[in-house]
1. Among the numbered criteria (1) assigned to a helix (DSSP H, G or I); (2) at pLDDT below 55, which single criterion is violated by residue 62?
2. Among the residues that make up the range 64-79, is at least one of them among the hydroxyl-bearing types (Ser, Thr, Tyr), more than 30 Å from residue 22 (Cα to Cα) and without any contact (Cβ under 8 Å) to a residue 60 or more places away in the chain?
3. Find the residue count for the range 144-197, including only residues that are hydrophobic (A, V, I, L, M, F, W, C), in a loop (DSSP other than H, G, I, E, B) and farther than 30 Å from residue 212 by Cβ.
4. Given the structure, is residue 223 under 30 Å from residue 157 (Cα atoms), in a helix (DSSP H, G or I) and within 21 Å of the chain's Cα centre (by Cα)?
5. Select from the range 297-314 the residues that are assigned to a loop (DSSP other than H, G, I, E, B) and of a type in the set (S, T, N, Q) and write down the one among them that is nearest to the chain's Cα centre (by Cα).
Amino acid sequence: MKWKSELNHSKAWYRRGEKGFQADRFRKGSCLNCGAKTHDAKSCTDRPRRVGAKYNGFDSASYVYVVHKFEIMEEAIDKHKKEQQLKKLEEKSNTCEEGEGKEDALKVDESKQMDFAKVEKRVRTTGGGNTGTVRNLRIREDTAKYLLNLDVDSAYYDPKTRSMREDPLPDADPNEKFYAGDNQNRLSGQALELKLLNLHAFEAFDKGQDVHMQAAPTQVELLHKNFKVNKEKLKTQVKDTIMEKYGNAAAEEEMPRELLLGQSDRQVEYDRSGRIIKGQEMAVPKSKYEEDVVYTNNHTAVWGSWWSDFQWGYKCCKQAIRNSYCTGAAGIEAAEAMGELMKANIALKETSEEKPELTEEKRLPTWCTERKRKYNMTYDNDVTPEEIEAFRMKKIHHDDPMKDYL
């Protein structure tokens with residue numbers, strides 16, 4: 001593309017607004033301060049800049065910490081490798097000393113070792129004779145997983161990945177079948193731990209913590225570990241507080257057998273009526289309920305000691321009202337007499353009750369007049385000429401010009 005200076009006539013096309021070359025990276029030999037190639041940093045007339053032209057987006061001095069960290073890691077790795085090599089040499093020397101005498105006895109003919117040689121099959125290889133490995137190869141004596149159930153609607157077998165996730169025989173005895181689908185491996189080993197880690201990461205992210213399982217797995221694992229430790233501490237703390245407040249009935253010492261059976265050396269004599277002649281009467285244990293301790297409103301029995309017609313009441317007076325005063329035996333007799341009187345009144349009313357027959361003469365006064373009777377009233381009567389004349393006189397309009405012709 002030609003520049004403006006190279007144009008020979010005014011009609012030649014050029015890019016409007018385009019400037020000359022502008023460097024976008026540092027060029028070797030340029031000024032370290034402003035980046036120009038016409039002079040060096042000593043002869044630069046611009047003011048000294050805080051970020052020079054050779055700035056690569058980071059401070060090289062801050063990278064020293066990273067270099068030092070990796071140097072320490074390399075030293076630790078080299079030290080570990082040397083220790084492993086020394087251990088292998090020591091084990092090898094010990095095995096050589098022990099196996100010198102048994103070497104001749106353990107020698108086997110090469111023809112007997114041919115059955116134990118490694119079998120390699122040509123899989124997905126070119127014709128150059130290279131061999132490849134196959135995943136999930138089964139033993140020839142075992143039945144193929146896709147032949148366990150020949151039903152079309154059974155578990156799906158993917159021939160490309162050689163996987164069958166569902167169980168081909170779900171109704172079979174689990175103790176007899178040797179294959180239950182590839183999904184059984186998903187719930188074994190460390191798969192459950194990974195599932196718990198993912199669940200904990202999701203819940204922590206919802207609660208406001210900046211964690212991500214794929215971005216920072218080590219952070220998530222440490223958080224989950226600390227969470228489990230704090231959870232166990234909280235459980236033990238709650239357990240200790242409950243034990244301190246209510247005690248532990250399981251850890252208490254067992255009561256003596258004499259107390260459990262209720263036997264004692266206390267001697268009490270009774271007469272034929274059951275009254276105590278000699279000795280002390282056994283103390284009745286106090287109740288924690290207020291109703292069993294204090295009788296209110298002059299009652300001699302507690303509320304709930306009597307039940308009748310789906311109602312609780314007092315046994316002393318047979319009243320079903322909680323805040324009522326005790327009336328004793330007189331109240332019971334009065335209640336029974338009231339019930340008998342009510343029954344007698346009901347029976348008398350049923351016998352004396354008669355259904356009155358409504359006659360036509362009794363119906364007419366209830367309608368007041370024939371003009372005011374309702375629409376659904378069953379009353380038949382012919383219209384008289386007087387009624388027709390009264391209707392016409394009532395319905396006529398005096399301003400009607402045709403009223404004289406009616």
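1. So the condition that residue 62 fails would be (2).
2. Within the range 64-79, the subset among the hydroxyl-bearing types (Ser, Thr, Tyr) is 65.
From what is left, the residues that are more than 30 Å from residue 22 (Cα to Cα) are 65.
If we keep only those that are without any contact (Cβ under 8 Å) to a residue 60 or more places away in the chain too, we end up with 65.
Checking the range 64-79: at least one residue is among the hydroxyl-bearing types (Ser, Thr, Tyr), more than 30 Å from residue 22 (Cα to Cα) and without any contact (Cβ under 8 Å) to a residue 60 or more places away in the chain.
3. Keep residues of the range 144-197 that are hydrophobic (A, V, I, L, M, F, W, C), which gives 144, 147-148, 150, 152, 155, 164, 169, 172, 178, 180, 187, 191-192, 194, 196-197.
Now restrict to residues that are in a loop (DSSP other than H, G, I, E, B): 144, 148, 150, 152, 155, 164, 169, 172, 178, 180, 187.
Narrowing further to those that are farther than 30 Å from residue 212 by Cβ: 144, 148, 150, 152, 155, 164, 169, 172, 178, 180.
Residues meeting the conditions: 10.
4. Working: under 30 Å from residue 157 (Cα atoms): no; in a helix (DSSP H, G or I): yes; within 21 Å of the chain's Cα centre (by Cα): yes.
Considered against the rule, which asks whether it is under 30 Å from residue 157 (Cα atoms), in a helix (DSSP H, G or I) and within 21 Å of the chain's Cα centre (by Cα), residue 223 comes out as no.
5. Here is the first cut: in the range 297-314, the residues assigned to a loop (DSSP other than H, G, I, E, B) are 297-305, 309-310, 314.
Remaining after also requiring of a type in the set (S, T, N, Q): 297-298, 300, 305.
Numbers: 297: 54, 298: 57, 300: 55, 305: 47 Å.
Here the answer is 305.
To keep it simple, each residue is scored yes or no on (1) at pLDDT 85 or above; (2) hydrophobic (A, V, I, L, M, F, W, C); (3) exposed (fewer than 10 other Cβ atoms within 10 Å of the Cβ); (4) not in a helix (DSSP H, G or I).
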residue	(1), (2), (3), (4)
212	yes, no, no, yes
219	yes, no, no, no
228	yes, no, no, no
241	yes, no, no, no
244	yes, no, yes, no
248	no, no, no, yes
255	no, yes, yes, yes
258	no, no, no, no
266	no, no, yes, yes
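Let's see how each residue does on (1) within 21 Å of the chain's Cα centre (by Cα); (2) of a type in the set (S, T, N, Q):
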| residue | (1), (2) |
| --- | --- |
| 183 | no, yes |
| 192 | yes, no |
| 198 | yes, yes |
| 209 | yes, yes |
| 214 | no, yes |
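The values are calculated or read from the model by the stated rules, or taken from the named source; none is laboratory data. Predicted model, so just to flag it, every value in this text is computed and none were measured. Note that we place each Cβ from the backbone using ideal geometry, even for glycine, and neighbour counts take in every protein chain shown.
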